[in-house]
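Structure first, commentary second.
The values are calculated or read from the model by the stated rules, or taken from the named source; none is laboratory data. For clarity, every value in this text was computed on a predicted model and none was experimentally measured. Neighbour counts run over all protein chains shown; Cβ positions are idealised from the backbone, glycine included.
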Amino acid sequence: MHVQFAELPVFDQERAKAFYVAHFDCRTVADQPMGKDRWRWIELKFADAETTLHFVRRKDDVPSAEPGLVLVDANVEATVEKLKTRGVEIVTEPMQARWQPGRTVAEFRDSEGNRMVIASR
C-alpha cells in the first residue's frame, strides 16, 4: 500500500507554498480557489517522490508540538546543511535514531513553525 497524499496544517498557504518550493524543489500540482474566504486547494509534489503535499487550514498561527511529516532522504546530513545555508531552523542535528540503529534523523521547522523530520531509509 502506498500513501500518496500528506496533509500539513498551515496558517499562511502562500508562505508555506513558497517554503516547500524553494527548499525542497516541490512543484505545484494544483492551486485552485476553494471558497469565498480565499482558501485554496494547493497540492505540491516533491521531486523524485510519489507523494503530494496538501495544505489544510490551521485555525491560528500556533504550530503543533509534534512532528507533522517525515521526509525520507538519501543524504540527511547534506540536506540539513543545505537547509541551514538557506536560513531554515534546524531543531535537531543529524543523529542516529535511538529506535532504529543505522537510521539517521534530524528535525527542522518549516515556514509555519511545524516540526518536520528528515530520515534516512
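Restricting attention to the range 91-115, and to residues there that are surrounded by fewer than 18 Cβ atoms within 10 Å (Cβ to Cβ), in contact with an Asp or Glu (Cβ under 7 Å, 6 or more places away or on another chain) and touching a residue at least 24 places away in the same chain (Cβ under 8 Å), which single residue is nearest to GLN13 (Cα to Cα)?
ARG109
Condition first: in contact (Cβ under 8 Å) with a residue 24 or more places away in the chain, part of a strand (DSSP E or B) and hydroxyl-bearing (Ser, Thr, Tyr). Now tell me which residues in the range 12-65 satisfy that.
Matches in the range 12-65: THR52 only.
Of the residues ALA16, ALA30, only one is small (Gly, Ala, Ser), surrounded by 14 or more Cβ atoms within 10 Å (Cβ to Cβ) and at pLDDT 90 or above; which?
Numbers: ALA30 fails: surrounded by 14 or more Cβ atoms within 10 Å (Cβ to Cβ).
After ruling out the rest, the residue left standing is ALA16.
Does the range 78-106 hold any residues that are under 19 Å from LYS17 (Cα atoms) and of a type in the set (Asp, Glu), and which are they?
If the condition is that a residue be under 19 Å from LYS17 (Cα atoms) and of a type in the set (Asp, Glu), then GLU89 is the only one that fits.
What are the residues in the range 72-90 that are part of a loop (DSSP other than H, G, I, E, B) and surrounded by fewer than 14 Cβ atoms within 10 Å (Cβ to Cβ), if any?
Residues satisfying the conditions are ALA74, ASN75, ARG86, GLY87, GLU89.
For the range 29-67, give me each residue that is of a type in the set (Lys, Arg) and touching a Lys or Arg at 6+ places or on another chain (Cβ under 7 Å).
LYS45
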